[in-house]
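*Asks:* My questions will all concern the structure given below.
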Amino acid sequence: MNLFELGNLSFLATAIASILSVVLLVAISQQLWTLRWSITRDRDSDLPLPKGSMGWPVVGETLDWLFQGSNFHVTRREKYGNVFKTHLLGKPVIRVTGAENIRKILMGEHSLVCTQWPQSTRIILGPNTLANSVGELHKRKRKILAQAFSHVAFETYLPRLQDVIKREVAKWCSEPGCIDVYAAAKALTFRIAVQVLLGLDAPDAQMDYLSKTFEQLTDNLFSLPIDVSFSGLRKGMKARDILHNVIEKMIEEKLQKQWSGYNDAFDYILSSAKENHFDITLQELKETAVELIFAAHATTASASTSLILLLLLHPSVALKSRGEIESSELGHAINRTSAPRLSPENSVETSRSRELEAVPVDNRNATPIAQLHNGKVGPSYHLPHLTLEKLSRMRYLDCVVKEVLRLFPPVSGGYRTVLKTFELDGCQIPKGWSVMYSIRDTHETAPIYQCPEQFDPERFGPERDEVAKGGRFSYVPFGGGVRGCVGKELAQVIIKTLATELLATTEWRMATTKPPRMQTVPVVHPVNGLHVHFNYKHP
(Lines give C-alpha, C1' and ligand atoms only; values in the text may rest on other atoms or scores of the structure.)
Protein backbone atom coordinates (compact mmCIF):
# COMPACT_ATOMS: atom_id res chain seq x y z
CA MET A 1 0.00 0.00 0.00
CA ASN A 2 1.51 3.31 -1.08
CA LEU A 3 1.46 6.61 0.75
CA PHE A 4 -1.42 7.94 -1.40
CA GLU A 5 -3.65 5.01 -0.43
CA LEU A 6 -2.65 5.37 3.21
CA GLY A 7 -3.57 9.03 3.04
CA ASN A 8 -6.98 8.22 1.60
CA LEU A 9 -7.64 5.64 4.30
CA SER A 10 -6.57 8.10 6.97
CA PHE A 11 -8.88 10.77 5.53
CA LEU A 12 -11.76 8.28 5.33
CA ALA A 13 -11.24 7.14 8.91
CA THR A 14 -11.15 10.74 10.08
CA ALA A 15 -14.37 11.54 8.19
CA ILE A 16 -16.15 8.50 9.62
CA ALA A 17 -14.96 9.36 13.12
CA SER A 18 -16.20 12.93 12.68
CA ILE A 19 -19.61 11.77 11.44
CA LEU A 20 -19.93 9.28 14.28
CA SER A 21 -18.97 11.99 16.76
CA VAL A 22 -21.65 14.30 15.38
CA VAL A 23 -24.28 11.54 15.44
CA LEU A 24 -23.30 10.61 18.99
CA LEU A 25 -23.39 14.27 20.06
CA VAL A 26 -26.85 14.74 18.53
CA ALA A 27 -28.13 11.55 20.17
CA ILE A 28 -26.77 12.56 23.56
CA SER A 29 -28.13 16.11 23.27
CA GLN A 30 -31.58 14.78 22.33
CA GLN A 31 -31.55 12.39 25.29
CA LEU A 32 -30.52 15.23 27.61
CA TRP A 33 -33.26 17.40 26.09
CA THR A 34 -35.85 14.70 26.77
CA LEU A 35 -34.49 14.17 30.29
CA ARG A 36 -34.58 17.93 30.91
CA TRP A 37 -38.37 17.89 30.51
CA SER A 38 -38.94 14.54 32.17
CA ILE A 39 -37.51 15.79 35.45
CA THR A 40 -39.95 18.73 35.46
CA ARG A 41 -42.82 16.37 36.29
CA ASP A 42 -44.56 17.06 39.60
CA ARG A 43 -42.91 14.75 42.14
CA ASP A 44 -45.91 15.09 44.46
CA SER A 45 -48.07 13.34 41.88
CA ASP A 46 -47.89 9.61 41.24
CA LEU A 47 -49.35 10.05 37.77
CA PRO A 48 -47.03 9.84 34.75
CA LEU A 49 -46.45 12.57 32.23
CA PRO A 50 -48.45 12.16 29.01
CA LYS A 51 -46.83 10.16 26.24
CA GLY A 52 -45.20 12.02 23.35
CA SER A 53 -41.94 13.42 22.00
CA MET A 54 -40.18 16.66 22.87
CA GLY A 55 -38.42 16.75 19.50
CA TRP A 56 -35.02 18.37 19.01
CA PRO A 57 -33.17 20.64 21.43
CA VAL A 58 -34.45 24.23 21.48
CA VAL A 59 -36.74 23.97 18.40
CA GLY A 60 -38.63 20.94 19.72
CA GLU A 61 -41.21 19.79 17.14
CA THR A 62 -42.02 23.30 15.87
CA LEU A 63 -40.74 22.67 12.34
CA ASP A 64 -42.70 19.41 12.06
CA TRP A 65 -45.80 21.25 13.26
CA LEU A 66 -45.42 24.05 10.73
CA PHE A 67 -44.75 21.73 7.78
CA GLN A 68 -47.25 18.98 8.59
CA GLY A 69 -50.16 21.19 9.62
CA SER A 70 -53.17 19.26 10.90
CA ASN A 71 -51.45 15.93 10.16
CA PHE A 72 -49.00 16.68 12.96
CA HIS A 73 -51.71 16.44 15.61
CA VAL A 74 -53.67 13.68 13.91
CA THR A 75 -50.70 11.29 13.73
CA ARG A 76 -49.63 11.99 17.30
CA ARG A 77 -53.15 11.68 18.66
CA GLU A 78 -53.47 8.31 16.94
CA LYS A 79 -50.11 7.23 18.39
CA TYR A 80 -50.29 8.68 21.91
CA GLY A 81 -53.98 9.28 22.64
CA ASN A 82 -56.13 12.33 23.38
CA VAL A 83 -53.52 13.80 25.75
CA PHE A 84 -49.90 13.96 24.57
CA LYS A 85 -46.83 16.10 25.19
CA THR A 86 -44.70 17.95 22.65
CA HIS A 87 -42.53 21.10 22.42
CA LEU A 88 -43.71 23.99 20.22
CA LEU A 89 -42.61 27.60 19.77
CA GLY A 90 -40.11 27.46 22.62
CA LYS A 91 -42.47 25.93 25.20
CA PRO A 92 -43.35 22.44 26.44
CA VAL A 93 -46.97 21.84 25.48
CA ILE A 94 -49.55 19.21 26.34
CA ARG A 95 -52.11 18.85 23.55
CA VAL A 96 -55.61 17.92 24.70
CA THR A 97 -58.63 16.56 22.82
CA GLY A 98 -62.09 15.54 24.06
CA ALA A 99 -65.15 17.33 25.43
CA GLU A 100 -64.64 16.34 29.07
CA ASN A 101 -60.96 17.29 28.99
CA ILE A 102 -61.80 20.65 27.39
CA ARG A 103 -64.54 21.28 29.94
CA LYS A 104 -62.04 20.82 32.76
CA ILE A 105 -59.61 23.28 31.16
CA LEU A 106 -62.12 25.98 30.18
CA MET A 107 -63.97 25.87 33.49
CA GLY A 108 -60.68 25.81 35.39
CA GLU A 109 -59.65 29.30 34.28
CA HIS A 110 -57.96 31.21 37.16
CA SER A 111 -57.89 28.07 39.35
CA LEU A 112 -56.26 25.26 37.35
CA VAL A 113 -55.04 27.27 34.37
CA CYS A 114 -54.65 30.81 33.11
CA THR A 115 -54.48 32.13 29.58
CA GLN A 116 -51.08 31.89 27.95
CA TRP A 117 -50.58 32.64 24.29
CA PRO A 118 -47.19 31.79 22.74
CA GLN A 119 -44.50 34.34 23.60
CA SER A 120 -44.37 35.67 20.04
CA THR A 121 -48.14 36.34 20.13
CA ARG A 122 -47.89 38.15 23.47
CA ILE A 123 -45.04 40.33 22.23
CA ILE A 124 -46.70 41.30 18.95
CA LEU A 125 -50.22 41.93 20.28
CA GLY A 126 -48.96 43.60 23.43
CA PRO A 127 -49.51 43.16 27.19
CA ASN A 128 -52.61 45.38 27.38
CA THR A 129 -54.91 43.25 25.22
CA LEU A 130 -57.88 41.31 26.56
CA ALA A 131 -56.24 38.05 25.45
CA ASN A 132 -53.15 38.76 27.57
CA SER A 133 -55.00 40.05 30.66
CA VAL A 134 -55.70 37.86 33.68
CA GLY A 135 -57.76 37.95 36.87
CA GLU A 136 -59.66 41.09 37.81
CA LEU A 137 -58.04 43.09 35.01
CA HIS A 138 -59.44 40.63 32.47
CA LYS A 139 -62.93 40.88 34.00
CA ARG A 140 -62.87 44.69 33.88
CA LYS A 141 -61.65 44.83 30.29
CA ARG A 142 -64.19 42.25 29.19
CA LYS A 143 -66.95 44.28 30.82
CA ILE A 144 -65.86 47.38 28.93
CA LEU A 145 -65.64 45.54 25.61
CA ALA A 146 -69.03 43.90 26.16
CA GLN A 147 -70.88 47.10 25.21
CA ALA A 148 -69.12 47.17 21.85
CA PHE A 149 -70.41 43.64 21.18
CA SER A 150 -73.97 44.07 22.45
CA HIS A 151 -77.12 43.72 20.33
CA VAL A 152 -77.66 47.46 20.59
CA ALA A 153 -74.20 48.04 19.13
CA PHE A 154 -74.79 45.45 16.37
CA GLU A 155 -77.89 47.30 15.22
CA THR A 156 -75.68 50.40 14.94
CA TYR A 157 -73.07 48.55 12.90
CA LEU A 158 -75.36 46.52 10.63
CA PRO A 159 -76.29 49.13 7.97
CA ARG A 160 -72.64 50.07 7.40
CA LEU A 161 -71.61 46.43 7.64
CA GLN A 162 -74.04 45.51 4.88
CA ASP A 163 -72.93 48.44 2.74
CA VAL A 164 -69.28 47.36 3.01
CA ILE A 165 -70.24 43.81 2.03
CA LYS A 166 -72.29 45.07 -0.95
CA ARG A 167 -69.37 47.14 -2.23
CA GLU A 168 -66.86 44.29 -1.86
CA VAL A 169 -69.19 41.76 -3.51
CA ALA A 170 -69.60 44.25 -6.38
CA LYS A 171 -65.81 44.15 -6.82
CA TRP A 172 -65.86 40.36 -6.84
CA CYS A 173 -68.53 40.34 -9.54
CA SER A 174 -66.73 43.00 -11.61
CA GLU A 175 -63.59 40.88 -12.03
CA PRO A 176 -63.36 39.49 -15.58
CA GLY A 177 -61.66 36.36 -14.26
CA CYS A 178 -61.76 34.45 -11.02
CA ILE A 179 -60.87 35.80 -7.60
CA ASP A 180 -59.06 34.22 -4.68
CA VAL A 181 -61.88 34.05 -2.14
CA TYR A 182 -59.59 33.85 0.89
CA ALA A 183 -57.62 36.94 -0.14
CA ALA A 184 -60.85 38.77 -0.98
CA ALA A 185 -62.46 37.71 2.31
CA LYS A 186 -59.46 39.02 4.25
CA ALA A 187 -59.75 42.36 2.43
CA LEU A 188 -63.47 42.40 3.23
CA THR A 189 -63.17 41.61 6.92
CA PHE A 190 -60.29 44.05 7.30
CA ARG A 191 -62.49 46.80 5.86
CA ILE A 192 -65.28 45.81 8.22
CA ALA A 193 -62.93 45.91 11.21
CA VAL A 194 -61.37 49.24 10.27
CA GLN A 195 -64.42 51.08 8.93
CA VAL A 196 -67.24 49.62 11.03
CA LEU A 197 -65.50 48.88 14.34
CA LEU A 198 -62.82 51.58 14.39
CA GLY A 199 -64.65 54.18 12.31
CA LEU A 200 -61.56 54.84 10.18
CA ASP A 201 -62.17 55.94 6.59
CA ALA A 202 -59.23 55.78 4.23
CA PRO A 203 -58.62 55.76 0.46
CA ASP A 204 -58.52 52.36 -1.20
CA ALA A 205 -54.75 52.53 -1.70
CA GLN A 206 -54.11 53.19 1.98
CA MET A 207 -56.64 50.55 3.02
CA ASP A 208 -54.89 47.97 0.83
CA TYR A 209 -51.53 48.92 2.34
CA LEU A 210 -52.87 48.62 5.88
CA SER A 211 -54.51 45.30 5.04
CA LYS A 212 -51.22 43.86 3.76
CA THR A 213 -49.44 45.24 6.82
CA PHE A 214 -51.94 43.57 9.12
CA GLU A 215 -51.58 40.33 7.20
CA GLN A 216 -47.84 40.48 7.87
CA LEU A 217 -48.66 40.84 11.56
CA THR A 218 -51.00 37.83 11.64
CA ASP A 219 -48.66 35.68 9.53
CA ASN A 220 -45.98 36.04 12.20
CA LEU A 221 -48.07 35.78 15.37
CA PHE A 222 -46.99 32.16 15.84
CA SER A 223 -43.25 32.25 15.32
CA LEU A 224 -40.12 31.39 17.26
CA PRO A 225 -39.56 34.09 19.93
CA ILE A 226 -36.20 35.14 18.47
CA ASP A 227 -35.80 38.89 17.91
CA VAL A 228 -33.23 39.08 15.12
CA SER A 229 -33.26 40.63 11.66
CA PHE A 230 -35.57 38.90 9.20
CA SER A 231 -37.10 36.72 11.93
CA GLY A 232 -40.86 36.21 12.02
CA LEU A 233 -41.05 38.00 15.36
CA ARG A 234 -39.22 41.06 13.99
CA LYS A 235 -41.54 41.20 10.95
CA GLY A 236 -44.61 41.00 13.17
CA MET A 237 -43.33 43.76 15.46
CA LYS A 238 -42.57 46.01 12.49
CA ALA A 239 -46.09 45.56 11.12
CA ARG A 240 -47.55 46.27 14.56
CA ASP A 241 -45.63 49.53 14.88
CA ILE A 242 -46.90 50.74 11.48
CA LEU A 243 -50.50 49.99 12.49
CA HIS A 244 -50.04 51.67 15.87
CA ASN A 245 -48.87 54.88 14.19
CA VAL A 246 -51.98 55.01 11.99
CA ILE A 247 -54.32 54.11 14.83
CA GLU A 248 -52.77 56.72 17.12
CA LYS A 249 -53.63 59.47 14.64
CA MET A 250 -57.16 58.11 14.31
CA ILE A 251 -57.64 58.02 18.09
CA GLU A 252 -56.34 61.57 18.53
CA GLU A 253 -58.75 62.85 15.85
CA LYS A 254 -61.67 61.01 17.44
CA LEU A 255 -60.91 62.38 20.90
CA GLN A 256 -60.75 65.93 19.53
CA LYS A 257 -64.13 65.71 17.81
CA GLN A 258 -67.33 66.70 19.51
CA TRP A 259 -69.43 63.75 20.70
CA SER A 260 -72.02 62.84 18.06
CA GLY A 261 -73.45 59.61 19.44
CA TYR A 262 -72.48 55.99 19.00
CA ASN A 263 -71.05 55.28 15.56
CA ASP A 264 -68.46 52.54 16.05
CA ALA A 265 -66.99 50.13 18.57
CA PHE A 266 -64.49 52.71 19.81
CA ASP A 267 -67.35 55.01 20.82
CA TYR A 268 -68.83 52.23 22.94
CA ILE A 269 -65.45 51.34 24.46
CA LEU A 270 -64.60 54.93 25.41
CA SER A 271 -68.09 55.48 26.84
CA SER A 272 -68.03 52.21 28.79
CA ALA A 273 -64.58 52.95 30.20
CA LYS A 274 -65.78 56.33 31.41
CA GLU A 275 -68.89 54.83 33.02
CA ASN A 276 -66.78 52.20 34.81
CA HIS A 277 -64.13 54.71 35.91
CA PHE A 278 -61.44 52.86 33.95
CA ASP A 279 -58.61 55.05 32.69
CA ILE A 280 -57.37 53.80 29.33
CA THR A 281 -53.96 54.94 28.12
CA LEU A 282 -53.18 55.67 24.50
CA GLN A 283 -51.03 52.53 24.33
CA GLU A 284 -53.92 50.43 25.64
CA LEU A 285 -56.24 51.92 23.03
CA LYS A 286 -53.78 51.14 20.23
CA GLU A 287 -53.39 47.56 21.37
CA THR A 288 -57.15 47.22 21.80
CA ALA A 289 -57.67 48.50 18.26
CA VAL A 290 -55.27 45.92 16.81
CA GLU A 291 -56.96 43.23 18.88
CA LEU A 292 -60.37 44.30 17.53
CA ILE A 293 -59.06 44.00 13.98
CA PHE A 294 -57.53 40.63 14.81
CA ALA A 295 -60.80 39.37 16.33
CA ALA A 296 -62.88 40.43 13.31
CA HIS A 297 -60.36 39.82 10.54
CA ALA A 298 -58.50 36.53 10.18
CA THR A 299 -60.98 34.19 11.86
CA THR A 300 -64.03 35.68 10.14
CA ALA A 301 -62.27 35.63 6.77
CA SER A 302 -61.40 31.98 7.38
CA ALA A 303 -65.00 31.08 8.24
CA SER A 304 -66.37 33.08 5.28
CA THR A 305 -64.02 31.26 2.89
CA SER A 306 -65.00 27.89 4.35
CA LEU A 307 -68.68 28.80 4.00
CA ILE A 308 -68.32 29.62 0.30
CA LEU A 309 -66.27 26.47 -0.32
CA LEU A 310 -68.78 24.21 1.42
CA LEU A 311 -71.75 25.78 -0.36
CA LEU A 312 -69.95 25.21 -3.65
CA LEU A 313 -69.40 21.57 -2.78
CA HIS A 314 -72.94 21.07 -1.46
CA PRO A 315 -75.35 22.91 -3.81
CA SER A 316 -78.44 21.36 -2.22
CA VAL A 317 -77.53 23.16 1.01
CA ALA A 318 -77.11 26.40 -0.94
CA LEU A 319 -80.52 25.92 -2.58
CA LYS A 320 -82.22 25.26 0.74
CA SER A 321 -80.54 28.33 2.26
CA ARG A 322 -81.66 30.42 -0.70
CA GLY A 323 -85.18 29.07 -0.36
CA GLU A 324 -85.24 30.17 3.25
CA ILE A 325 -84.27 33.69 2.20
CA GLU A 326 -87.13 33.69 -0.32
CA SER A 327 -89.67 32.62 2.27
CA SER A 328 -88.41 34.99 4.98
CA GLU A 329 -89.31 38.64 5.45
CA LEU A 330 -86.83 39.34 2.68
CA GLY A 331 -88.97 37.29 0.33
CA HIS A 332 -90.93 40.29 -0.90
CA ALA A 333 -87.67 41.56 -2.39
CA ILE A 334 -87.04 38.37 -4.36
CA ASN A 335 -88.16 38.08 -7.98
CA ARG A 336 -89.38 34.48 -8.19
CA THR A 337 -89.84 34.45 -11.99
CA SER A 338 -86.32 33.10 -12.45
CA ALA A 339 -85.73 29.78 -10.70
CA PRO A 340 -82.24 28.89 -9.51
CA ARG A 341 -80.47 26.34 -11.64
CA LEU A 342 -77.43 24.16 -11.16
CA SER A 343 -74.88 22.85 -13.62
CA PRO A 344 -73.32 19.45 -12.78
CA GLU A 345 -69.68 20.32 -12.10
CA ASN A 346 -67.40 20.16 -9.07
CA SER A 347 -70.05 18.95 -6.59
CA VAL A 348 -69.27 16.56 -3.78
CA GLU A 349 -72.83 15.31 -4.19
CA THR A 350 -72.41 14.56 -7.92
CA SER A 351 -68.60 14.10 -7.94
CA ARG A 352 -68.46 17.19 -10.14
CA SER A 353 -68.82 20.89 -9.40
CA ARG A 354 -72.16 22.67 -9.70
CA GLU A 355 -72.64 26.28 -10.60
CA LEU A 356 -74.79 27.97 -7.98
CA GLU A 357 -77.12 30.61 -9.34
CA ALA A 358 -78.99 32.95 -7.05
CA VAL A 359 -82.53 34.17 -7.51
CA PRO A 360 -82.79 37.79 -8.69
CA VAL A 361 -83.81 40.34 -6.12
CA ASP A 362 -86.36 43.13 -6.54
CA ASN A 363 -84.83 46.59 -6.13
CA ARG A 364 -87.67 48.02 -4.08
CA ASN A 365 -86.46 49.19 -0.65
CA ALA A 366 -82.91 48.62 -1.82
CA THR A 367 -79.80 50.71 -1.45
CA PRO A 368 -78.63 51.35 -5.04
CA ILE A 369 -75.02 50.82 -6.05
CA ALA A 370 -73.36 51.37 -9.41
CA GLN A 371 -74.88 49.45 -12.29
CA LEU A 372 -71.67 49.20 -14.26
CA HIS A 373 -68.35 47.89 -12.94
CA ASN A 374 -65.37 47.94 -15.28
CA GLY A 375 -67.55 47.24 -18.27
CA LYS A 376 -69.61 44.54 -16.57
CA VAL A 377 -73.23 45.14 -15.76
CA GLY A 378 -73.95 45.46 -12.06
CA PRO A 379 -76.88 44.02 -10.15
CA SER A 380 -80.39 44.91 -11.31
CA TYR A 381 -81.81 44.06 -7.88
CA HIS A 382 -80.64 44.33 -4.32
CA LEU A 383 -81.52 43.22 -0.85
CA PRO A 384 -83.05 45.77 1.50
CA HIS A 385 -81.15 46.67 4.63
CA LEU A 386 -81.06 43.77 7.07
CA THR A 387 -81.87 43.80 10.76
CA LEU A 388 -80.81 41.44 13.52
CA GLU A 389 -84.39 40.21 13.75
CA LYS A 390 -84.50 39.32 10.05
CA LEU A 391 -81.17 37.50 10.33
CA SER A 392 -82.30 35.60 13.42
CA ARG A 393 -85.35 34.23 11.60
CA MET A 394 -83.18 32.44 9.06
CA ARG A 395 -82.85 29.31 11.19
CA TYR A 396 -81.51 27.00 8.52
CA LEU A 397 -78.79 29.48 7.53
CA ASP A 398 -77.89 29.59 11.21
CA CYS A 399 -77.48 25.78 11.14
CA VAL A 400 -75.30 26.10 8.02
CA VAL A 401 -73.00 28.60 9.73
CA LYS A 402 -72.75 26.42 12.83
CA GLU A 403 -71.86 23.38 10.73
CA VAL A 404 -69.19 25.37 8.85
CA LEU A 405 -67.66 26.33 12.20
CA ARG A 406 -67.83 22.72 13.39
CA LEU A 407 -66.17 21.24 10.31
CA PHE A 408 -63.67 24.07 9.79
CA PRO A 409 -63.26 25.97 13.08
CA PRO A 410 -61.05 28.96 12.17
CA VAL A 411 -58.84 28.59 15.25
CA SER A 412 -57.54 25.11 16.03
CA GLY A 413 -57.43 25.57 19.79
CA GLY A 414 -56.41 27.70 22.73
CA TYR A 415 -53.35 27.93 24.97
CA ARG A 416 -53.29 27.95 28.77
CA THR A 417 -50.55 27.85 31.43
CA VAL A 418 -51.03 25.32 34.23
CA LEU A 419 -51.33 26.98 37.64
CA LYS A 420 -51.37 23.75 39.62
CA THR A 421 -50.94 20.11 38.69
CA PHE A 422 -54.13 18.29 37.73
CA GLU A 423 -55.17 15.06 36.00
CA LEU A 424 -56.42 14.35 32.48
CA ASP A 425 -56.92 10.84 31.08
CA GLY A 426 -54.80 9.29 33.83
CA CYS A 427 -51.84 11.63 33.24
CA GLN A 428 -50.50 14.54 35.24
CA ILE A 429 -50.63 17.99 33.70
CA PRO A 430 -47.74 19.56 35.63
CA LYS A 431 -47.66 23.06 37.01
CA GLY A 432 -45.81 25.54 34.78
CA TRP A 433 -46.36 23.68 31.52
CA SER A 434 -48.48 24.97 28.65
CA VAL A 435 -51.63 23.12 27.70
CA MET A 436 -53.39 23.50 24.36
CA TYR A 437 -56.96 22.32 23.99
CA SER A 438 -57.84 21.26 20.46
CA ILE A 439 -61.11 22.55 19.04
CA ARG A 440 -60.77 20.90 15.63
CA ASP A 441 -59.75 17.47 16.93
CA THR A 442 -62.62 17.49 19.43
CA HIS A 443 -65.15 18.36 16.72
CA GLU A 444 -63.78 15.53 14.59
CA THR A 445 -63.79 12.85 17.29
CA ALA A 446 -66.75 13.72 19.55
CA PRO A 447 -69.04 10.64 19.70
CA ILE A 448 -72.21 12.78 19.70
CA TYR A 449 -71.86 13.54 15.97
CA GLN A 450 -73.34 11.23 13.36
CA CYS A 451 -70.82 10.88 10.51
CA PRO A 452 -68.67 13.80 11.78
CA GLU A 453 -66.65 13.94 8.55
CA GLN A 454 -69.75 14.95 6.56
CA PHE A 455 -71.07 18.48 6.06
CA ASP A 456 -74.58 18.17 7.49
CA PRO A 457 -76.30 21.36 8.77
CA GLU A 458 -79.34 19.31 9.79
CA ARG A 459 -77.37 18.05 12.79
CA PHE A 460 -78.03 21.47 14.37
CA GLY A 461 -81.73 21.49 13.46
CA PRO A 462 -84.49 21.18 16.09
CA GLU A 463 -85.21 17.53 15.25
CA ARG A 464 -81.65 16.30 15.87
CA ASP A 465 -79.70 19.05 17.65
CA GLU A 466 -76.81 16.73 18.38
CA VAL A 467 -74.91 19.29 20.49
CA ALA A 468 -77.86 19.95 22.81
CA LYS A 469 -78.22 16.22 23.42
CA GLY A 470 -74.52 15.51 23.81
CA GLY A 471 -73.02 18.37 25.81
CA ARG A 472 -71.84 21.84 24.87
CA PHE A 473 -68.11 21.18 25.18
CA SER A 474 -68.27 18.94 22.13
CA TYR A 475 -68.84 22.14 20.12
CA VAL A 476 -66.48 24.98 21.00
CA PRO A 477 -65.59 26.98 17.85
CA PHE A 478 -65.33 30.13 20.00
CA GLY A 479 -63.86 28.55 23.12
CA GLY A 480 -65.88 28.82 26.34
CA GLY A 481 -65.98 29.79 29.98
CA VAL A 482 -64.78 33.22 31.07
CA ARG A 483 -62.41 33.24 28.07
CA GLY A 484 -65.10 32.63 25.47
CA CYS A 485 -64.71 34.83 22.39
CA VAL A 486 -66.30 38.19 23.17
CA GLY A 487 -66.90 38.84 19.46
CA LYS A 488 -68.46 35.49 18.53
CA GLU A 489 -71.93 36.93 17.86
CA LEU A 490 -70.53 39.70 15.67
CA ALA A 491 -68.57 37.11 13.67
CA GLN A 492 -71.77 35.17 13.04
CA VAL A 493 -73.63 38.34 12.03
CA ILE A 494 -70.88 39.14 9.50
CA ILE A 495 -70.90 35.60 8.06
CA LYS A 496 -74.72 35.45 7.82
CA THR A 497 -74.90 38.90 6.22
CA LEU A 498 -72.31 37.91 3.62
CA ALA A 499 -74.07 34.59 2.97
CA THR A 500 -77.43 36.34 2.52
CA GLU A 501 -75.98 38.85 0.05
CA LEU A 502 -74.23 36.17 -2.00
CA LEU A 503 -77.10 33.68 -2.04
CA ALA A 504 -79.72 36.27 -2.97
CA THR A 505 -77.87 38.31 -5.58
CA THR A 506 -75.02 36.31 -7.12
CA GLU A 507 -74.04 33.08 -8.80
CA TRP A 508 -70.63 31.50 -8.44
CA ARG A 509 -68.60 28.55 -9.65
CA MET A 510 -65.22 27.11 -8.80
CA ALA A 511 -62.45 27.92 -11.24
CA THR A 512 -60.54 24.70 -10.51
CA THR A 513 -61.50 21.08 -11.04
CA LYS A 514 -60.65 20.03 -7.47
CA PRO A 515 -61.31 21.66 -4.09
CA PRO A 516 -58.23 23.20 -2.46
CA ARG A 517 -56.30 21.55 0.34
CA MET A 518 -56.86 23.27 3.69
CA GLN A 519 -54.11 24.45 6.05
CA THR A 520 -54.68 25.09 9.76
CA VAL A 521 -51.92 27.53 10.80
CA PRO A 522 -52.40 30.29 11.84
CA VAL A 523 -56.09 29.90 10.89
CA VAL A 524 -57.86 27.43 8.61
CA HIS A 525 -57.47 28.51 4.97
CA PRO A 526 -56.89 27.06 1.47
CA VAL A 527 -53.21 26.37 0.85
CA ASN A 528 -53.17 27.94 -2.62
CA GLY A 529 -56.37 29.95 -2.33
CA LEU A 530 -59.96 29.24 -3.35
CA HIS A 531 -60.44 30.47 -6.92
CA VAL A 532 -64.04 31.27 -7.85
CA HIS A 533 -65.95 33.14 -10.58
CA PHE A 534 -68.66 35.50 -9.23
CA ASN A 535 -71.40 37.18 -11.27
CA TYR A 536 -74.61 39.00 -10.47
CA LYS A 537 -77.87 37.29 -11.38
CA HIS A 538 -80.35 39.06 -13.61
CA PRO A 539 -83.94 38.29 -14.59
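The values are calculated or read from the model by the stated rules, or taken from the named source; none is laboratory data. Computed from a prediction, not measured in an experiment: that's the story for all the values here. Note that each Cβ is placed from the backbone with ideal geometry, even for glycine, and that neighbours are counted across all protein chains shown. Surface accessibility is based on the protein's heavy atoms, side chains included, excluding ligands, DNA and RNA. Shrake-Rupley method; radii C 1.70, N 1.55, O 1.52, S 1.80 Å.
*Asks:* Using amide H atoms built in the peptide plane, which far-off residues or other-chain residues are under 5 Å from PHE84 H to H?
*Replies:* Those lying under 5 Å, H to H, from PHE84 are ARG95.
*Asks:* Under 11 Å from the Cβ of ALA239, count the other residues' Cβ atoms, weight Lys and Arg +1, Asp and Glu -1, and hand me the total.
*Replies:* Neighbour charge sum, excluding ALA239 itself: +2.
*Asks:* Just to confirm, what accessible area per residue do you get for segment 191-300 at 1.4 Å probe, in whole Å²?
*Replies:* Heavy-atom accessible area per residue stands at 49 Å².
*Asks:* What residue among ILE179, PRO225, VAL196 has its Cα farthest toward the positive end of the dipole of segment 159-298, where the charges are +1 on Lys, Arg and -1 on Asp, Glu, each on the Cβ?
*Replies:* Toward the positive end, the furthest listed residue is ILE179.
*Asks:* Helices from the chain with mean Kyte-Doolittle at least -1.0 and a Cα length along the axis of 27 Å or more, per DSSP H: which?
*Replies:* Both cut-offs are met by 3-38, 151-174, 232-256.
*Asks:* Mind listing the long-range amide H neighbours of GLY413? Cut-off is under 5 Å, sequence gap 5 or more, other chains count too, H placed in the peptide plane at 1.01 Å from N.
*Replies:* Result for GLY413 returns ILE439.
*Asks:* Please state, to two decimals, what the Cα-based radius of gyration of segment 425-539 comes to when divided by 2.2 N^0.38 Å (N = residues).
*Replies:* 1.38
*Asks:* What share of Cα pairs, in percent, lie more than 40 angstrom apart in the chain?
*Replies:* Result for the distance tail: 30 percent.
*Asks:* Let me ask another. On the protein heavy atoms, probe 1.4 angstrom, tell me the percent of accessible surface of segment 253-298 carried by carbon and sulfur.
*Replies:* Here carbon and sulfur together make up 50 percent of the probe-accessible area.
*Asks:* Over the chain, what is the relative contact order in percent, taking alpha-carbon pairs closer than 8 angstrom and at least six residues apart?
*Replies:* 22
*Asks:* Let me spell out the model: positive unit charges on the Cβ of Lys and Arg, negative unit charges on the Cβ of Asp and Glu, origin at the Cα centre of the chain. What dipole size does that give, in debye rounded to 20?
*Replies:* It works out to roughly 500 debye.
*Asks:* Can you give me the relative contact order of segment 490-539 as a percent, contacts being Cα pairs under 8 Å and 6 or more apart?
*Replies:* Contact order relative to length: 39 percent.
*Asks:* Same structure again: Counting heavy atoms of the protein chains only and a 1.4 Å probe, report the per residue accessible area for segment 394-501 as a whole number of Å².
*Replies:* Per residue, segment 394-501 has 35 Å² of solvent-accessible surface.
*Asks:* A follow-up question, please. Summing Lys, Arg as +1 and Asp, Glu as -1, what charge do residues with Cβ under 11 Å from the Cβ of LEU419 carry, LEU419 excluded?
*Replies:* Once all neighbours under 11 Å are counted, the net charge is +2.
*Asks:* Taking GluC sites (Glu not before Pro) as candidate sites, keep only those in a DSSP loop with at most 16 other Cβ atoms within 10 Å, then name the longest stretch of the chain containing none of them.
*Replies:* By the stated rule (loop sites, at most 16 other Cβ atoms within 10 Å), 1-348.
*Asks:* Would you work out which of VAL435, VAL523, GLN31 lies farthest towards the positive end of the dipole of the chain? Charges go on Cβ: Lys and Arg +1, Asp and Glu -1.
*Replies:* GLN31
*Asks:* Rounded to the nearest 500, what is the 222 nm mean residue ellipticity of the chain from helices alone, with -39500 (n - 2.57) per DSSP H run of 4+ residues and division by all residues?
*Replies:* Taking each H run of at least 4 residues, the total per residue is -15500 deg cm²/dmol.
*Asks:* Quick one: which residues, 5+ away or cross-chain, put their amide H under 5 Å from the amide H of LEU424? H built at 1.01 Å from N.
*Replies:* ILE429
*Asks:* Right, here's the next one. Around ILE123, what is the net charge, scoring Lys/Arg as +1 and Asp/Glu as -1 over all other residues with Cβ under 13 Å from its Cβ?
*Replies:* +2
*Asks:* Given R₀ = 51 Å, FRET efficiency for ASP465-LYS257 by Cβ-Cβ distance, to 0.05?
*Replies:* Approximately 0.60, to the nearest 0.05.
*Asks:* Now a separate question. Spin-label point model (7 Å from Cα, Cβ direction): what's the ASP425 to SER45 distance in nm?
*Replies:* Going by the 7 Å Cα→Cβ label model, 1.4 nm.
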